[in-house]
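No lab work stands behind these numbers, since they all come straight from the coordinates. Nothing here was measured: the structure is a model prediction, and the numbers come from that model. Note: ideal-geometry Cβ built from the backbone for every residue, glycine included; neighbour counts use all protein chains shown.
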Amino acid sequence: MLEKYRPEFYREVAAFARRCPNFGYVKTTIRAHTKEGFPGECHVWREGGRIVAFAAVAWLNPDDAWLWGMRVDPEFRNQGVASKFTRAQFRLIKRAGYAWAGLNTLDHRKPAPTFRVMEKLGFRLEDTYATDVYWRGPKRVARPRLKPYHDILSHYVELGRKTIFHQNPGWFCSRLIPARRAWVNGFGFTLDDVPVHVRRQFYVEKGRRHTLVTVNLFDRPSDFGPFVPRLLALVPKRGRMVIAYPVEWARPFRKAARAAIPKRKGNRGYWSSAWRIYGRDLRPS
């Protein structure tokens with residue numbers, strides 16, 4: 001049974017979530033919705049009166065919702081808990097008037113059980129992105145000047161993209177639809193004549209203000225070698241930059257990044273991953 005999360009549930013949620021990957025993400029999810037005022041809410045799932053799963057729903061805009069932070073007690077995995085929990089969240093999202101629900105899951109070379117669950121729940125694969133995080137940029141590369149690109153949404157739609165990535169507080173994607181035009185176009189630019197979507201935000205960590213730069217790169221540069229160092233020069237001095245781009249480009253992009261930042265190491269100034277973006281239309285068929 002789905003139940004809205006309350007602070008007194010934290011100890012019970014943490015007891016099993018600590019045994020799942022990335023417990024810090026669960027804490028980020030709870031903090032975003034209960035302390036930082038991010039639109040949405042957290043939920044728990046009970047079996048026999050016991051909390052056995054946690055998840056949240058983020059209200060991204062008037063049309064799109066995002067499911068995030070799902071964690072299931074390892075003792076209750078492979079028992080259909082995640083499917084039942086997600087279906088209950090669908091009903092809640094529909095009652096709230098949202099037309100679409102999305103989520104992401106790690107990409108794998110071989111089909112994973114998660115992919116079959118997504119299909120069972122009525123999701124369809126929208127996009128697959130490589131997502132790289134940088135805490136430091138290349139040395140002796142000047143920060144480039146970006147030029148405005150006034151209708152980047154239409155351009156991305158023509159390229160066949162369905163979603164756009166925007167990070168903070170979570171790794172969310174919303175649809176590239178006309179209702180999002182003003183928001184998407186407000187962060188449209190070109191770098192060396194290549195369209196890029198660049199958004200700067202601010203956050204506080206350990207009492208200090210930091211900058212988060214989120215980049216969507218959906219146009220393949222003619223040559224990654226000179227382009228990637230210029231892009232990485234946008235990494236803020238204090239903060240980080242997240243870059244989302246089609247997963248097919250991961251090898252040439254990361255090769256150029258290694259050349260630009262020779263001493264980079266995973267989890268020390270750099271982190272990479274790849275994600276499948278799934279969505280489900282919740283409107284009546």
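Annotations for the structure displayed:
- Computed on the stretch 2-98, with alpha-carbon pairs under 8 angstrom and 6+ residues apart, the relative contact order is 26 percent.
- Using the Cα coordinates of the chain, the gyration tensor eigenvalues translate into equivalent-ellipsoid semi-axes of 33, 21, 18 Å, sorted from longest to shortest.
- Restricting the calculation to Cα atoms, every distinct pair contributes to the Kirkwood radius of the stretch 128-279, found to be 15.7 Å.
- Relative contact order computed over the chain (Cα-Cα under 8 Å; 6+ residues apart), in percent: 22
- Count Lys and Arg as plus one, Asp and Glu as minus one, and take only other residues whose Cβ is under 14 Å from that of ASP192; the net charge is then +2.
- Of LYS139/LYS255; LYS139/LYS263; LYS139/LYS237; LYS27/LYS255; LYS139/LYS265; LYS94/LYS162, those spanning more than 23 Å from alpha-carbon to alpha-carbon: LYS27/LYS255
- The distance linking the stretch 122-166 with the stretch 209-285 is 8 Å (Cα centroid to Cα centroid, whole angstrom).
- Largest first, the three principal axis extents of the alpha carbons in the stretch 1-122 are 38, 36, 27 Å in whole numbers.
- Max mean-square fluctuation residue, GNM over the chain, Cα-Cα springs under 10 Å, options TYR270, TYR203, TYR149: TYR203
- Peptides 230-241, 3-14 ordered by average Cβ neighbours within 10 Å, highest first: 230-241, 3-14
- Sorted by Cβ density within 10 Å, fewest first, the residues PHE187, PHE23, PHE202: PHE202, PHE23, PHE187
- Spatial extent of the stretch 91-165: Rg and Dmax, with the Cα atoms as the point set, Å: 18.0, 54
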